[in-house]
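Here is the structure we will look at, set down as structure tokens.
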Amino acid sequence: MAIECLVLGPSGGARLLLLLLSLSPTRVDPSRVNAIPVDAGAGQDVGKSCVVATIGGRRVMFDCGVHLYYKGRRSYPDFERVLAATGAADFTAAISCVVITHSHLDHIGGLPYFTEVCGYNGPIYMTYPAKALAPMMLEDFRKVMVNQQWEEGQYSHEDILRCMKKVIPLDLKQTVQVDKDLVIRAYYAGHVLGAAMIYAKVGDAAMVYTGDYNMTPDRHLGAAQIDRLKLDLLITESTYAKTTRDSRRAREREFLHAVHKCVSGGGKVLIPLFAVGRAQELCMLLDDYWERMNWKIPIYFSGGLTIQSNIYYKMLIGWTSQKIKDSCRMHNPFDFKHVCHFERSFIDNPGPCVLFATPGMISINAGFSFEVFKKWAPSEKNLVTLPGYCASGSIGHKLMSGKPKRIDIEGTHIDVRCQIHQLAFSPHTDSKGIMNLIEFLSPKHVILVHGEKPLMAFLKERVESELGMPCYYPANNESISIPTTQHHKMSATERFITSCTNEQTKDSLQRRKLFCGSNMSEANDDEKLAEGTLLMEKNKALKILCEDELVQLLGMDRHVIQYEPMAASRIAAAGELE
């Protein structure tokens, strides 16, 4: 979790401090802006994203996720640290608003716990599609809690409903005035239906928190789009900080070849993924391929979660790519002809098939993908294809790190004889996309989150050497002070402006004389600064006025002290007296 605070610095400017929170308590200097990722969170890791940005006294929580590798309260960000850092009595007083970038659990899974258990009762913002998809994602995660028998940290179905009633939907590029000072705005992020980058501004201080995004379009979503903004800070995800992907067509051909080879040999294909995003992308690809091949081999969804999300995809076509918008006039591309529902009893059915099962990564003891993996992994005919990122500690990560022959889990073991195939079908942008976004926005400072430490270190060096921008990737309990600029508006009296104009005219005439006399060294001296008095009025407005105007305003007489130069003879006489 990250906290950034904007305060007035000793030089008259402001300083931004980012604090990423961990589970062990530490004191935070409230006069600085600090950032510390949550334990196993967004700081040098991927999971339970949660960044609290304090700008000009306004605190915005960006995302409120869970870490799917952990159970209980450890799965959540350390919310108590927000109170410790701010000194607030409760979370509603500590946080001005919560903004959720998208509906994936590592960005939204902790929201009901934060609102209904921790007691936050302030405004919550997310896009219309994110609000539509969130309840089913959260309900699915609630069932995982029950199945895993969490001893603490559970929330109920009623908690989810109460939480969602507090959500205020956002539209793209809609400027929202949270209060008289804080402004937020959402920009299209690609990645998944309804994902948004968030711009936040208080006074002259401005920042963007990207959440997860994709800088290249795919079959069903467009590329991320954002205005060129003047920013003090960009906080960007860095999941694929060192990866440059092949073209989409090359990746699709590779994926289809692997699936074709497996099912042609009578094998089963397990594709573990999250219900929203890659499921729709790959279903579109396979459905089209099956149609061209005229195959009758079944393609399955596990459970009803992906089927539910497809309904929302059909309803929210306006948030998809232009190609999808154009094609839906003739046929809705999310009406899959060859994809059907999967029943648990089908696991041991003979014959080839393709199964999309949640969750992605094949989390240990969590979800149907783990259950199917245990059944299908021992067969050499079968295939597990991993289309996206797999967090450290997950079974998917173990499979990607090198094909293990056996995986031991809590006293039992799984023989792994199946084929393992990894594909870069992740909805996250690659290193080229991250660099392109940073260069386009040209912020004064960059902070990397949502990535792995070695890869973030590599990207930091690139950002600093190629783009010349200070870049940071804070770990848990590590503070970073970031200087920002602050401008003050002030008025000037007509008399002061006139005096400045007169001084410039005199200076201009003097320069002409100097040029005529070829005295270039004097002509190149710095221009004179106008002299005046800065006054703060009762309403705290700033005004510049002439010295005589100030005397008149204060109703005082002007006193002038003049010093008479002493003649040389008088100086000598004074010396003799001594």
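If you go through the stretch 189-242 and pick out every residue that is crowded, with 18+ Cβ neighbours inside 10 Å, modelled with pLDDT of 90 or more and among the charged types (D, E, K, R), you end up with 4. The listed residues are Val183, Val192, Val167, and the only one of them that is within 21 Å of Leu105 (Cα to Cα), touching a Lys or Arg at 6+ places or on another chain (Cβ under 6 Å) and among the β-branched types (Val, Ile, Thr) turns out to be Val167. Has the stretch 131-148 got any residue that is part of a loop (DSSP other than H, G, I, E, B), within 25 Å of Ser369 (Cβ to Cβ) and over 20 Å from the mean Cα position of the chain (by Cα)? No, because not a single residue in the stretch 131-148 is part of a loop (DSSP other than H, G, I, E, B), within 25 Å of Ser369 (Cβ to Cβ) and over 20 Å from the mean Cα position of the chain (by Cα). Residues in the stretch 112-130 that are part of a helix (DSSP H, G or I) and either out of contact with any helix residue (DSSP H, G or I) (no Cβ under 6 Å at 6 or more places or on another chain) or aromatic (Phe, Trp, Tyr) (or both): Tyr113, Phe114, Val117, Tyr128, Ala130. Test Glu158 against the criterion of being open to solvent by 10 Å² or more (accessible area, probe 1.4 Å) and in a loop (DSSP other than H, G, I, E, B), and give yes or no. Considered against the rule, which asks whether it is open to solvent by 10 Å² or more (accessible area, probe 1.4 Å) and in a loop (DSSP other than H, G, I, E, B), Glu158 comes out as no. Within the stretch 117-143, the set of residues being open to solvent by 30 Å² or more (accessible area, probe 1.4 Å) and either of a type outside the set (Ser, Thr, Tyr) or within 18 Å of Leu68 (Cβ to Cβ) (or both) comprises Val117, Cys118, Gly119, Asn121, Pro123, Lys131, Pro135, Glu139, Asp140, Arg142, Lys143. Just one of the listed residues (Tyr113, Tyr69, Tyr120) is among the hydroxyl-bearing types (Ser, Thr, Tyr), at pLDDT 95 or above and farther than 24 Å from Lys180 by Cα, namely Tyr113. May I ask you to verify whether Ile561 is open to solvent by 100 Å² or more (accessible area, probe 1.4 Å) and modelled with pLDDT of 75 or more? Yes; evaluated as a whole, the condition is true for this residue. Residues that are out of contact with any Cys (no Cβ under 6 Å at 6 or more places or on another chain) and at pLDDT below 90 within the stretch 346-367 comprise Ala357, Thr358, Pro359, Gly360, Ile362, Ser363, Ile364, Asn365, Ala366, Gly367, listed in sequence order.
Listed by first and then second residue, the pairs with beta-carbon distance under 8 Å, at least 6 apart or on different chains, first residue in the stretch 342-365 and touching a residue at least 24 places away in the same chain (Cβ under 8 Å) and surrounded by 16 or more Cβ atoms within 10 Å (Cβ to Cβ), second basic (Lys, Arg) and in a strand (DSSP E or B), are Pro352/Lys268; Cys353/Lys268; Val354/Lys268; Leu355/Lys268.
Checked against (1) surrounded by fewer than 14 Cβ atoms within 10 Å (Cβ to Cβ); (2) modelled with pLDDT under 95, Ser426 passes all but condition (1).
Candidates are the residues of the stretch 392-413 that are touching a residue at least 24 places away in the same chain (Cβ under 8 Å) and not hydrophobic (A, V, I, L, M, F, W, C); the one that is nearest to His450 (Cα to Cα) is Ser392.
Annotation: of all residues in the stretch 526-555 being open to solvent by 70 Å² or more (accessible area, probe 1.4 Å) and in contact with a helix residue (DSSP H, G or I) (Cβ under 9 Å, 6 or more places away or on another chain), the one that is modelled with the lowest pLDDT is Glu527. Only residues that are out of contact with any helix residue (DSSP H, G or I) (no Cβ under 8 Å at 6 or more places or on another chain), hydrophobic (A, V, I, L, M, F, W, C) and modelled with pLDDT under 90 were counted across the stretch 74-110, and they come to 2.
Among the residues making up the stretch 88-116, those that are more than 11 Å from Cys163 (Cβ to Cβ), over 20 Å from the mean Cα position of the chain (by Cα) and open to solvent by 20 Å² or more (accessible area, probe 1.4 Å) are Ala88, Ala89, Asp90, Thr92, Ala93. Checked against the criteria, Tyr70 counts as part of a loop (DSSP other than H, G, I, E, B), of a type in the set (Ser, Thr, Tyr) and open to solvent by 10 Å² or more (accessible area, probe 1.4 Å).
Being assigned to a helix (DSSP H, G or I) and either under 22 Å from Val146 (Cα atoms) or more than 28 Å from the chain's Cα centre (by Cα) (or both) narrows it down to one of Asp326, Asp335, so name that one. Exactly one residue qualifies, and that residue is Asp326. Evaluating Lys261 against the criteria (1) surrounded by fewer than 17 Cβ atoms within 10 Å (Cβ to Cβ); (2) touching a His at 6+ places or on another chain (Cβ under 6 Å) leaves one unmet condition, (2). For the structure I just gave you, tell me whether Ala391 is open to solvent by 10 Å² or more (accessible area, probe 1.4 Å) and of a type outside the set (Asp, Glu). No, not satisfied.
Hey, among the residues in the stretch 264-306 that are β-branched (Val, Ile, Thr) and crowded, with 21+ Cβ neighbours inside 10 Å, which one's farthest from Lys375 (Cα to Cα)? That would be Val276. Of the strands (runs of 3 or more DSSP E) that lie entirely inside the stretch 178-233, those containing 2 or more residues that are of a type in the set (Ser, Thr, Tyr) span 182-188. Using the structure shown, decide if Arg245 is modelled with pLDDT under 90, in a helix (DSSP H, G or I) and of a type outside the set (Phe, Trp, Tyr). Criteria not met by Arg245.
The values are calculated or read from the model by the stated rules, or taken from the named source; none is laboratory data. Small disclaimer: the values here were computed from a predicted structure and weren't measured. All Cβ positions, even for glycine, are placed from backbone atoms using ideal geometry, and neighbour counts span all protein chains on display. Accessible surface areas use protein heavy atoms only, side chains included; no ligands, DNA or RNA. Shrake-Rupley method; radii C 1.70, N 1.55, O 1.52, S 1.80 Å.
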